[in-house]
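Each remark here refers to the structure printed beneath this line.
The values are calculated or read from the model by the stated rules, or taken from the named source; none is laboratory data. Just so you know, these numbers come straight off a predicted model, no measurement behind them. Positions of Cβ are generated from backbone atoms using ideal geometry, with glycine treated the same way; all protein chains shown enter the neighbour counts.
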Amino acid sequence: MVIGVCKITLYIHGSQSLKDKRHVVKSVIEKAGARFNVSIAEVGDNDVWQRAEIGVCAVGNDGAFVNSVIDKTLNFVEGLHLAEVTGHTIEIINC
């Protein structure tokens with residue numbers, strides 16, 4: 001079993017309230033989760049208006065496949081242009 005985990009840090013330009021932030025984060029989570037069938041959730045910076053941390057997880061039998069899914073999800077989030085990706089970490093765990 002191979003587990004891929006990615007933490008994505010976003011900067012949300014023009015966000016002036018938690019409502020603005022929630023709108024962007026919800027959109028990113030719904031679109032990426034539906035497109036790549038990954039588990040995805042907001043995992044940090046919950047009370048900061050212009051920053052968000054999103055966690056992504058994929059599980060499979062093949063490390064290359066799991067890594068590919070995580071990379072494609074990250075690139076998709078960057079391509080949405082809803083928020084600026086300011087950082088990310090990826091970890092692949094073989095169990």
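Would you be able to tell me the number of residues in segment 40-83 that are touching a strand residue (DSSP E or B) at 6+ places or on another chain (Cβ under 9 Å) and aromatic (F, W, Y)? Within segment 40-83, residues that are touching a strand residue (DSSP E or B) at 6+ places or on another chain (Cβ under 9 Å) and aromatic (F, W, Y) number 1. Residue selection: L10 satisfies the criterion of being among the aliphatic types (A, V, I, L, M) and part of a strand (DSSP E or B). Of all residues in segment 1-50, exactly one satisfies the criterion of being closer than 19 Å to H88 by Cα, of a type in the set (D, E) and over 11 Å from the mean Cα position of the chain (by Cα), namely D45.
Residues that are small (G, A, S) and more than 11 Å from the chain's Cα centre (by Cα) within segment 51-82 comprise A58, G60, G63, A64, S68, G79, listed in sequence order.
D20 fulfils the conditions (1) outside any strand (DSSP E or B); (2) of a type outside the set (V, I, T); (3) out of contact with any helix residue (DSSP H, G or I) (no Cβ under 8 Å at 6 or more places or on another chain); (4) modelled with pLDDT of 95 or more except for a single criterion, (4). The set of residues in segment 76-95 being surrounded by fewer than 15 Cβ atoms within 10 Å (Cβ to Cβ), of a type in the set (V, I, T) and over 14 Å from T9 (Cβ atoms) consists of I93 alone.
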